[in-house]
Every structure is written in structure tokens, then in C-alpha cells.
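Scroll down for the structure; my scribbles are underneath it.
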Amino acid sequence: MKPDSPSIPVLLFRFFRSFGLATTVLTLLLIVTYLGTIEQVEHGLYESQKKYFESYFVSSIDVACCLRAMHIPYQGTFDLPIYILPGGYLLMLVLGVNMLLGGIIRLKKECVWLAKLPLRVVTGRFAELSPAPRAVGVLIAHMSIVFMLFAGLISLYFKKDGAMRLQEGQTSDEFQSFHNSVIEIERLSPAPKDGKRVSMVIDGGQYQDLVEGKGRTFTSKTLPFEVMVMNYEVNCVPRRADAQETNRTVVENFFLQPLKEELEQERNTDGAYVKVKLKDGAEKEGILWRFAGAPLSVQAGDEVWGISLNRRAWKLPFSVRLDDFKREVHPGTDKARRFTAEVTVMDRGNDLKKIITMNEPLRSRGFALFQQSFDMGQADDGSVRESSTIQVVHNPSDHWPLISCIAAGIGLLIHMVWQLVRYLRRAAKETSALKAS
Amino acid sequence: MNLKSDIITWKLTRSVILLAALSALPACKRVGERMEITESRDISTHAAPGDVNATSEQRFGPALRAMGMEKTEAPQGQQSSLRDLLTWTAPSGWAEAPAGSDPSGMRLVDMRFGEKQEGECYISIMPGPAGGLSANLNRWRKQMGQPDYTEDEIAKLPKKPLFKREGVFAEFDGDYKGVGMSEASKGYRLAGVIHSAEQATIFVKMIGPKAVVEANAVAFDQFCQSITPKSIE
């Protein structure tokens, strides 16, 4: 029997490589980018990024906010629940597949030519390079776009971005995330004999949904108790119950007062209530807050455990000591001219003196350390002590977008020159034919 | 033929839906009641060990004071001495704002209210007529992105009791851009009473998201009526 229609895999292949799909995805990306950009005016960069660009589907569109961002005076609220608009993550995945099938695999001749190019150049067989297939430039441009999308994926999953706050004379080898919240549980007493402190970590994704009365119990075989985390607040502050009337749970005269969420997500100070249940059945309630000066202590037999809510900490492969912080201002003003952190990098037994200043980061072993901000405080002896906040970034695909842009530029240039040469040749042929006739 | 094409289209659609569902699968997280802790990390040797058996006061007090969320001592200067001359009663659910919250430094009494403390109400006093009633009302109008009141409109504004006297009450909606704010807060309502006299002008201003201010309208009236100079009592 003669097949009169293509099979499903063939249909799928045609669908995913089609130019129509590329056009649709790019149009949707344009819409998503536009909505995400204008919604960030009221929802902040972090929230918009999560909702529009790091999602499979966009859950809702704040139409009222979008109207206001476009200077249309609408004061009401209008949240349009919508799950049919694909998010940036899904769109970029589809675009990547589309580019791969339609822009790379389709150009078989060009792929083979490009694959053999390095060997031919190294062995000096330049004659075999000609004739070059005509869409080599297009292939390079498509490959660059796929590479850029891949760089974005790597950055999304593996980029670490945080800050390290150091007082003058202080040393550290870890930095804290700007956004990721964690609850850590550590045995405080007796301290480990070998000095190696270890904490158990509950990722923010496992408790940040526990709002308005919701709770979840976390257990571990190595813990002498179980912890129920409840009533998580994105931005809050402990308040004294004797100073303010409240219907919230009060623990040791404190309760968590929720605050309006900040547009800059890193400025929020999150908190939660916990209920600890010991193995003998005894219970203890407590409050966790990100800026608490000490962990919540839990006595379990002879041991004391500490529970704290922090930003996720990452280790550096070296230690940094802040030796001196210098703040230079323009003469007669308070306007900053230059902030400089003089640091010592202690790496594999070597002490290296380095400078981190504005626009001149310190780069070492894949990490970039930027001077971010500074603070002045009073030491115990009354002297002024300066501290520096150093932004630490570790991104394996840091320079990949730049490489991809350059490659795409080269590809398009090759294609343009190719087309120009073809046009000129054809024009010359037509002119000579006209002359001959 | 049509039937066959319909079947192929359905199969294709089903495959695309299945693919989309499979790709969305990692985003779904099971919300269970109990969860095992599986992650751990080595703590830096440079990190200070946590205080053992610290009380809530020791855990939160220093940070709240360092962040200006709690007052360490009574504020100094003219504003504090003026503040000492007043008495007031905070309505239920209202609380004094943490130290350092006042962007202008002009607030004698600075209250916060609302589920997330997004509403503000404060008392300020200026010597003399402070530019006059019209200039002050229109300053508020400007902060809300509204056109100036005309003299007729001002004359028709209602009166409310304040400071054992009568004050002019104004209430309007808009986008609020107060002192030190880089961007306007949308959908806000301002309600305020001004009592202007030769010796001094007293302002009570409530500002916040429209729904929050609306819900606290009665509390605002109670607060205004409770403000009295100490010598009167």
C-alpha cells in the first residue's frame, strides 16, 4: 500500500523545524519580553523575571499594572489569569530545537564543509575548501543563536550571584546569595571535636509556599527532633507584643509583622515560625528571621541545636581578607570618586595582595569579585570601622554571549559578502550579454 | 481521506500536548506534610559560631536597633520637645513607625497600619501659618499628581475636629510621590486635616493604598480627635 501521508515523527520533525514555528516563537518572545519589562515597574525585576522568563507558562498578566506603565491612568486592579501564554523558558527551548532542526541539520552540506574546515586549514589543503556551500554564513549565525540560548540555560542553572560583607581585618571564604533563602540546622553544643562544622539545609523552595497557616514537618535521622515550618513571610520584622496589639502568634513577647514586599527582592527580610517537636514529645515554638543575631536554640538532652534562616551560602575556593577600605570623594563634596578595597587573597598557601575597586573587579579561579557598597560602624573600642560589601559572581557561561554575538556577526558578514559577490557576478554577466547582443 | 487526515491531526496535537506536559513536569513539586532533609553543607572555618541559648530579645533586639526599627533613646531636638507637648491615642492595629522611617524629619508622631504596615499617618506642626491653607492643600494635591484646588473648592471642603479645634479635611486619590521617593506609588489615597492658626499649623496626614486608607477612615477620625495639647488636659 502506498503511503499517502507522512508518519507522525516526520510531521513532528517538519513542525519543529518550520519557519512558521520560528516566526510564532519569536513573536511570542517579543510579547513576553514586552509584558515582563513593563510589569517590572510595579512588581520588581526578580518577580517579573521569574514569572515571564524563567517559566514554562505565564500564570497571569497584571493588566492594570501594564496599563499604568503605558501611562494609561487606570487605578483599579485587574489580574488576568492566563495559562496559555508560554513563558520565556519554554519559548527559548522550542526556539533552540527549531534552530537546531531547521537552521543547522537542514544545512547538511554546510555542516560537513564546516566540520572539515579545521582539518583542511591545519593540513594546508585550501584547494578543497572551494567551492564553499552558499549558506555557510547562515549556518554560523544559526549555530551562534543556539549557543547563546545554551549559554542562557547554563547561566540559569549554574550561575551563582551573591555578596560577601567584610569588616576591616575580617577573613571569609564564602558568599551569600542575593535571593535564595534557606533554613539551616546546626549542632551548637558540644562543638564538633575536629572543628568541622556542618549544617543541614532546607532549601527555600521547600517552605516558601507555607503562607497563611500552612505548615510542613522536616525530619532527619541525624536530628534529635523534627521541625515544622509554618507561616512564612517574604518580608517581615519581629515586633514586641507589649508595644503593639496583634492577633498573630507571640513567642517570647515577639511576633512577626508582615511588611509590604520590596520591589528589589534582595531588600526583603524573610521570616517564619517553627515548631520543634522533641523525641520525648516536648514542643517548642520559635521565630526565624533573616537578620536575627543568633540562631533559635533547641535543647535536646545534652545537646543544643541552632536553627536559623539565612541566604544560601556558597564556598569560594580561596579566602579573602579585607585589609583596608578607602573611600575617596570629590573635593568639597560627599560625592564618591573611588571606593577601594585592599584585600589579601589566600589561595593554596599563597598570600596575594589585590585591589578591588569600582569597575575593576578581582578575577580568580572563575569567580569575579566586584566592589559593591560600603558601611561605616563603630567598633567596641569606639573607633570607626569600615566594612565593604563585595559582590561575587560565578558564571560558567560568563563570556559565551559575547562569543556568540561575534560569531553571529561573522556569519552574517560572510553571508552578505557571498550574496554581494553573487549579485555582482550576475550583473557583470548580464552586462556582457547585453553588450554582445 | 478526511477522516485519516483528522486522525493524523489529532495524533499530532496529542503528541504536542504530551510533550508540553512532559516538559512542564519538573516544575511541579509535591507539597507533602513531611519531608526528609537531604542537603547539608560545610560551614566556613571563618564563620563565627552561633550564640547558644540566646533569648528572643538577644536575637532580635540588636538587629532591630541597628536597622533603626526600634528607638534606642528618645529623639533629641525641637521635634521631640514639641512631641512632648502632645497626647494622642493610637487606634487599634496602629503602631509607631520604627526610628529612621521619616524621610523628611518633620513628623512628630509617625504611625503605621494595615496588614503589611503599608499605611502611614503622621502629625506635624509648623510655626505660624506655614504658607497658608491653600498652599499646603495644593502641596498635597501635587504629591498625588492632582491639579490644584480652586479657592471655591477649598471653601467647600468639610471640617473635622482636631486639637480641640476645627480643621479642614481633604481626601483624594492619585499616584503618591512623597519626599525622597524616586517613583510614584500607584492607586493611593490621601486623607488629611489641617488646622491653621497664627501661632502654628498642625497637620494630620494619612496616606496609603486606597483600600487600606478607606478601611482606616474611622480610625483616622478617632486619632484626630484624640490629639490634644498636654496643657489642655
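The mean number of Cβ atoms from other chains found within 10 Å of a Cβ in peptide A:292-300 is 6, as a whole number. Once you treat every alpha carbon in region A:251-374 as an equal point and sum by Debye, what is log10 I(q)/I(0) at q = 0.17, 0.18 Å⁻¹? Result of the Debye calculation: -1.00, -1.02.
Over the Cα atoms of the protein assembly as shown, each weighted equally, I'd like the Debye log10 I(q)/I(0) at q = 0.05, 0.07, 0.09, 0.12 Å⁻¹, rounded to two decimals. Those come out to -0.37, -0.69, -1.04, -1.45, one per q. For the segment B:117-128, counting C-beta atoms of other chains within 10 Å of every residue's C-beta and taking the mean gives 1.
Only helices reaching 24 angstrom along their own axis (Cα) with mean Kyte-Doolittle hydropathy no lower than 0.0 count here, and for the DSSP H runs of chain A these are A:19-43, A:136-158, A:400-436. Phi-derived couplings, Karplus 6.51 cos²θ - 1.76 cosθ + 1.60 at θ = phi - 60°, listed residue by residue for region A:69-76: 5, 8, 6, 9, x, 10, 9, x Hz, with x used for Gly and Pro. A dipole drawn for the protein assembly as shown from +1 and -1 charges on Cβ atoms has a positive end, and of A:V234, A:G204, A:I105 the residue lying farthest that way is A:I105.
Once every DSSP H run of n ≥ 4 in chain A is given -39500 (n - 2.57) and the sum is divided by its residues, what mean residue ellipticity at 222 nm do you get, rounded to the nearest 500 deg cm²/dmol?
Numbers: 8 runs with 133 residues, N = 437.
Calculated mean residue ellipticity at 222 nm is -10000 deg cm²/dmol.
For a distance above 18 Å, tell me the whole-number percent of Cα pairs in region A:156-199 that qualify. Walk me through the intermediate numbers first.
Details: 508 of 946 pairs.
Roughly 54 percent, once rounded to a whole number.
Residues A:F367, A:F15, arranged from fewest to most other Cβ atoms within 10 angstrom of their Cβ, appear as A:F15, A:F367. Could you tell me which of A:H43, A:L114, A:A69 has its Cα farthest along the dipole of region A:1-114 towards the positive end, charges placed at Cβ (Lys, Arg +1; Asp, Glu -1), taken about the Cα centre? The residue sitting most towards the positive pole is A:L114. Could you pull out the pairs from B:K156/B:K186; B:K164/B:K205; A:K260/B:K177; A:K221/A:K277; A:K50/A:K159 whose alpha carbons sit more than 20 Å apart here? As for pairs spanning more than 20 Å Cα to Cα, those are B:K156/B:K186.
Peptides A:168-178, A:16-26 ranked from most to least packed, by the mean per-residue count of other Cβ atoms within 10 Å: A:168-178, A:16-26. Using the alpha-carbon positions of region B:124-233, Rg (one decimal) and Dmax (whole number) come out as 14.0, 43 Å.
From the mean inverse distance of alpha carbon pairs (Kirkwood) and the Cα radius of gyration, derive Rg over Rh for region A:108-176.
On the way: Rg = 22.4 Å, Rh = 16.2 Å.
Reported Rg/Rh (Cα atoms, Kirkwood Rh): 1.38.
May I ask you to derive the relative contact order of region A:76-186, considering only C-alpha pairs under 8 Å and at least 6 residues apart, and to give it as an integer percent? The value is 23 percent. The convex hull around the C-alpha trace of region A:88-214, projected and averaged over every direction, spans 16.8 square nanometres. For A:K116, a cut-off of 29 angstrom between C-alpha atoms picks up these lysines, skipping any fewer than 8 places away in its own chain: A:K108. Can you spot the lysines whose alpha carbon is less than 19 Å from A:K193's alpha carbon? Ignore those fewer than 8 places along the same chain. Within the straight-line limit of under 19 Å, A:K193 reaches no lysines at all.
Taking one quarter of the surface of the convex hull spanned by the alpha-carbon atoms of region A:199-304 gives a direction-averaged projected area of 7.7 nm².
Working note: Debye formula, equal point scatterers on the alpha-carbon atoms of region A:1-140, no solvent; log10 I(q)/I(0) at q = 0.12, 0.13, 0.15, 0.20 Å⁻¹ is -0.69, -0.75, -0.84, -1.10. Kirkwood hydrodynamic radius computed over region A:317-376 comes to 12.5 Å, based on all pairs of distinct alpha carbons.
Suppose we look only past 12 Å in the calculated P(r) of region A:256-317. What percent of the Cα-Cα pairs does that tail hold?
When every Cα pair of region A:256-317 is considered, 74 percent fall beyond 12 Å.
Calculation over all alpha carbon pairs of region A:304-437 in 5 angstrom steps from 0 returns a P(r) of 2, 7, 10, 12, 11, 10, 9, 6, 5, 4, 4, 4, 4, 4, 3, 2, 1, 1, 0, 0, 0 percent. Taking other Cβ atoms within 10 Å as a rough exposure proxy, A:W113, A:W305 sort from fewest to most as A:W113, A:W305. Here region A:6-127 is treated with +1 on each Lys and Arg Cβ and -1 on each Asp and Glu Cβ, and its dipole about the Cα centre works out to around 1120 debye. Among the residues of A:232-240, the average count of other protein chain beta-carbon atoms within 10 Å of the residue beta-carbon is 4.
Would you mind ranking A:L117, A:L35 so that the residue whose beta carbon has the fewest other beta carbons within 10 Å leads the list? Please list the in-between numbers first.
Working: A:L117 14, A:L35 21.
Lowest to highest Cβ neighbour count: A:L117, A:L35.
Read-outs throughout are calculated quantities, based only on the coordinates presented, and are distinct from any laboratory measurement. Note that the structure is a prediction, hence the values are computed from the model and not measured. Here the Cβ is made from the backbone with ideal geometry for all residues, glycine too, and neighbour counts use every protein chain on show.
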